[in-house]
Amino acid sequence: MEQTMKDYLFRLLNHEELSREEMKSILIGITHSEYPNEQITALLTCLQMRGVTVDELLGFRDGILETGVPAILQADRYIDVVGTGGDRKNTFNISTTACFVIAGAGYKVAKHGNYAATSVSGASNVIQHHGIKFTDDIDRLNRSLNEAGIVYLHAQLFAKAMKFVGPIRKALQFPTIFNLLGPIVNPSQPKCQLLGVANLDQMRLYNSVYQKLGIDYGIVNSIDGYDEISLTGDFKVTLGTQTTVPGGSPSGYERIFRPQDLGFDIAKPEELVGGATEEEAAQIFDSVLENRALPAQKNIVLANAAFGIQVLERGQKSIEECIEIARESIDSGAALRTFKKFVELNS
């Protein structure tokens, strides 16, 4: 018997969990305008109060990917580096900068992003500031990936379901399951991901999500609340590889690092701030790629890029080796050349 939204809400009020398939069906129903806003509001509130399960999150992910625009990329192995957002720290575009450092080192990157929600400049803001035109044209996307090593996927062109819940999310003014979906709805479905989370509860949730998805991943969290490696203090890393190298086996670790462990000085919070305007955020982004940033800004990008490279290398390279690969990408000018090529192809 087909369940109605009334049935789902009664079950949630009774502290029951919904299945992955049921959540996918609900998401698709939302895009078909099958439910009044009041019922969607109740659903999101119930889930938020109880806490979202792994299968519930994956069900909404499945629905978003099914109702969205796919990005079929002609590369087997590439990474996305992304943060959950919402740490309210207004840092500069660390993940986006790290993506160009990784691409400059010769790896493939498919960066998925959007405009800022809680900071001055999100990934799409800084990319657009440089004259990039967002596209879902698959030939243009593949040309960018093949010739520049990196492609940018602007979320609003791909996740069509999000517009159906935009007004509700805005009215609710608290985080919902949709805030957790951003990192896992990259329309190209990469086999590698480095994710920054703002707390350890999210780290546990996404750890289970990635294991179910069967991809290689790293999850990072700065103990003082940054959703990336901030180098302002200790940070935790969980690395899990699902795919194997010839003669190898899946590997992983969970470890707390100090900045000093990796040869970095402790950064001051003010050294991470993205500025008061999009222009200031773009200037910091440029300064890192041009190798004239503050030492702390460069080091933070190196640290995040290095753990991304370690995921791509299936944990087979030490983090020290990965830091040197990232450093060479900046010092040699490769990261900057990659960005200039990217701008040329996408403007």
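Computed values, structure above
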{"item": "Residues of segment 30-44 satisfying the condition of being farther than 19 Å from V185 by Cβ and surrounded by 15 or more Cβ atoms within 10 Å (Cβ to Cβ)", "result": "Y35, Q39, T41, A42"}
{"item": "Boolean, N186 is in contact (Cβ under 8 Å) with a residue 24 or more places away in the chain and touching a Ser or Thr at 6+ places or on another chain (Cβ under 6 Å)", "result": "no"}
{"item": "Helices (runs of 4 or more DSSP H) completely within segment 1-68 that count 1 or more residues being within 23 Å of N207 (Cβ to Cβ) and out of contact with any Leu (no Cβ under 7 Å at 6 or more places or on another chain)", "result": "20-31, 37-50, 54-67"}
{"item": "Scope segment 212-247; condition at pLDDT below 90 and within 21 Å of P190 (Cα to Cα); matching residues", "result": "Q242, T243, T244, V245, P246"}
{"item": "Failed condition for R314, given (1) in a helix (DSSP H, G or I); (2) under 20 Å from the mean Cα position of the chain (by Cα)", "result": "(1)"}
{"item": "Which listed residue is free of Cβ contacts under 8 Å to residues at least 60 places away in the same chain, out of contact with any Leu (no Cβ under 7 Å at 6 or more places or on another chain) and not in a loop (DSSP other than H, G, I, E, B), from E321, E328", "result": "E321"}
{"item": "Search result, residues across segment 318-347 that are under 16 Å from C99 (Cα atoms) and open to solvent by 60 Å² or more (accessible area, probe 1.4 Å)", "result": "E324, R327, E328, D331, R337, K340, K341"}
{"item": "Index of the failed condition, V209 passing every other in (1) outside any loop (DSSP other than H, G, I, E, B); (2) among the β-branched types (V, I, T); (3) open to solvent by 30 Å² or more (accessible area, probe 1.4 Å)", "result": "(3)"}
{"item": "Count of segment 212-239 residues which are under 15 Å from G315 (Cβ atoms) and not hydroxyl-bearing (S, T, Y)", "result": "7"}
{"item": "Failed criterion for L57 (all others in (1) out of contact with any Ser or Thr (no Cβ under 6 Å at 6 or more places or on another chain); (2) buried (at least 21 other Cβ atoms within 10 Å of the Cβ); (3) over 18 Å from P175 (Cα atoms); (4) not aromatic (F, W, Y) hold)", "result": "(3)"}
{"item": "Restricting segment 193-205 to residues that are part of a helix (DSSP H, G or I) and of a type in the set (A, V, I, L, M, F, W, C), the residue that is surrounded by the fewest Cβ atoms within 10 Å (Cβ to Cβ)", "result": "L200"}
{"item": "Count of residues meeting criterion [closer than 24 Å to L47 by Cα, modelled with pLDDT of 95 or more and of a type in the set (A, V, I, L, M)] in segment 181-196", "result": "3"}
{"item": "Unmet criterion (only one of (1) assigned to a helix (DSSP H, G or I); (2) at pLDDT below 95) for D76", "result": "(1)"}
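Per-residue answers, yes or no, for (1) on the phi < 0 side of the Ramachandran plot; (2) in a helix (DSSP H, G or I); (3) of a type in the set (V, I, T); (4) in contact (Cβ under 8 Å) with a residue 40 or more places away in the chain:
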site: A276; (1), (2), (3), (4): yes, no, no, yes
site: I284; (1), (2), (3), (4): yes, yes, yes, yes
site: N291; (1), (2), (3), (4): no, no, no, yes
site: K298; (1), (2), (3), (4): yes, yes, no, no
site: F307; (1), (2), (3), (4): yes, yes, no, yes
site: Q310; (1), (2), (3), (4): yes, yes, no, yes
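The values are calculated or read from the model by the stated rules, or taken from the named source; none is laboratory data. Given the structure is predicted, the values throughout are model-derived calculations rather than measurements. In this analysis, Cβ positions are derived from the backbone assuming ideal geometry, glycine residues included, and neighbour counts consider all displayed protein chains. To get the accessible areas, we keep the full protein, side chains included, count just its heavy atoms, and leave off ligands, DNA and RNA. Shrake-Rupley method; radii C 1.70, N 1.55, O 1.52, S 1.80 Å.
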